[in-house]
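Shown next, in structure tokens, is the structure this report addresses.
What follows is calculated from the coordinates using simple rules that are stated; it is not laboratory data. Note that the structure is predicted; figures quoted are calculated from it, not measured. When we count neighbours, we look across all protein chains shown, and the Cβ atoms used for this are built from the backbone with ideal geometry, even at glycine.
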Amino acid sequence: MPLKFGIDIILKNEPNWKQDRIAILTNDAARTNTGFISRLALKNAGFNLIKIFSPEHGIKTIGEDGAKMHDGLDEITGLTVISLYGEKYMPTADDLEDIDIMLFDVPDAGTRFYTYLWSMTYWIEAAAKLNKKIIILDRPNPLGGNPLMIEGPMLDENITSFIGRLNIPVKHQCTLGELAQYFNATQSWNANISVVQCEGWKRENLFYDWFLKWVNPSPALQNFEASLLYPGLCFFEATNVSVGRGTPYSFEWIGAEWMNIPAMMLVGQNILKEDLKIESLSLPILMNGHTNETKGIRIKIIEPQYYSAVINGLILLKLVKDIHPKEFMWMPYPTAANPTGENHLSLLLGIPNAEAIFDLPLQQWLQKMSVLIRVEQWKKEIEPYLLYK
């Protein structure tokens, strides 16, 4: 069966709310299975779409990571766009006064610190507070839904943020529709919510199995390989190591001018948990206002369906720190959600004072991490809310 997204289902079935006043939280990455932008497909099909909201990166998905996005006008529909990654995360009562139905159609990257998930939670919470009907147009998780590939750590709720609002694992292996139902119940929001399920997707299916063209959900995730590596390589944002933003290899590569490439390749191949191919690569990287040729390593995944992204990324981070004790530094990562950029590693990892863990000797560190990434309780908690087999 060809894969159909939630948007494809409602376009085909013509629901009875089609002429109600509709607002949608979406962006250009939200497409039908034929590649047509969702909101334009709705408008062309006669749905009474009257207002658009956008998450981080804006309606066109080209805004820089963490950059504040402003309200505007949607060029392809002519409708007002209200940003939910600027002055506010949640729509106001005034924003939704003239709305009956709140749609959500945004592709996810399958990782706790990817912010589209948290925009969805504020969307649901607003619907609950304002007594609006909310409909989630579901999409598969590009990283699949195999519960064996879930990875922690879970989130310590003492350090919640917009890259980790509620307690789930880093790599959750759920669709946003599943998480919507889970949060609506466990947070007692009790919104009037429904999920339009996908058709033709099984939990073991990764993006490769969709047989569709990749559409960037944000500027730095330029292909599926980057998305596979992202749950582990994103931790390098909290360091003075580049992840290749602005190059064709963003989140497929890590590097720094001082990196000892032979040592990284030798030790990395010996200690990483999967059969990975590591290649030496130099890229022109913009750092401190200057573009310099920067050396680094590119990581190639041999078996994507069995790739443990989080632990591999953390091991790489530990190796970089240990091999380069004088050059490596922790760095702030300022964003609109965290203007000082402080504690970025802790916010990503979901653990207070996360930097201190990396001072442990390697074997103690591995033992600690092997405990932190276990997520047996999460598998039990999410089970009642799973929609796909």
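Some observations on this one:
- Proximal lysines relative to K18, as straight alpha-carbon distance under 17 Å, when same-chain residues fewer than 8 apart are discounted: K43, K51, K132, K133
- Modelled spin-label separation between N260 and N13, with each label point placed 7 Å from Cα along the Cα-to-Cβ direction: 5.9 nm.
- The trypsin sites (Lys or Arg not before Pro) of segment 132-194 include none that meets both criteria, a DSSP state outside H, G, I, E and B (loop) and at most 16 other C-beta atoms within 10 angstrom of the site's C-beta.
- The relative contact order of the chain comes to 17 percent, based on Cα pairs under 8 Å that sit 6 or more residues apart.
- Spin-label model distance (nm) - Q377 vs Q305, 7 Å beyond Cα toward Cβ: 3.2
- Sorted peptide list for 74-81, 1-8, criterion being average Cβ within 10 angstrom, highest first: 1-8, 74-81
- Of the chymotrypsin sites (Phe, Trp or Tyr not before Pro) found in segment 189-298, the ones in coil according to DSSP and having at most 14 other Cβ atoms within 10 Å of their Cβ are F211, W258.
- Between helix 224-233 and the chain: long-axis angle, C-alpha atoms, 0 to 90°, nearest 10: 60
- FRET efficiency for W214 and D359, using Cβ-Cβ distance with R0 set to 56 Å, rounded to 0.05: 0.90
- Of the trypsin sites (Lys or Arg not before Pro) found in segment 219-300, those that fall in a DSSP loop while having at most 14 other beta-carbon atoms within 10 Å are K273.
- Least to most buried among E64, E178 (fewest other Cβ within 10 Å first): E64, E178
- Using the Cβ-Cβ distance between D94 and T34 with R0 set to 35 Å, the FRET efficiency from 1/(1 + (r/R0)^6) comes to roughly 0.45.
- Helix axis angle, 309-323 relative to the chain longest principal axis, alpha carbon, degrees: 30
- Partners for K379 among lysines (Cα-Cα distance below 25 Å; same-chain residues under 8 apart left out): K171, K202, K273, K368, K389
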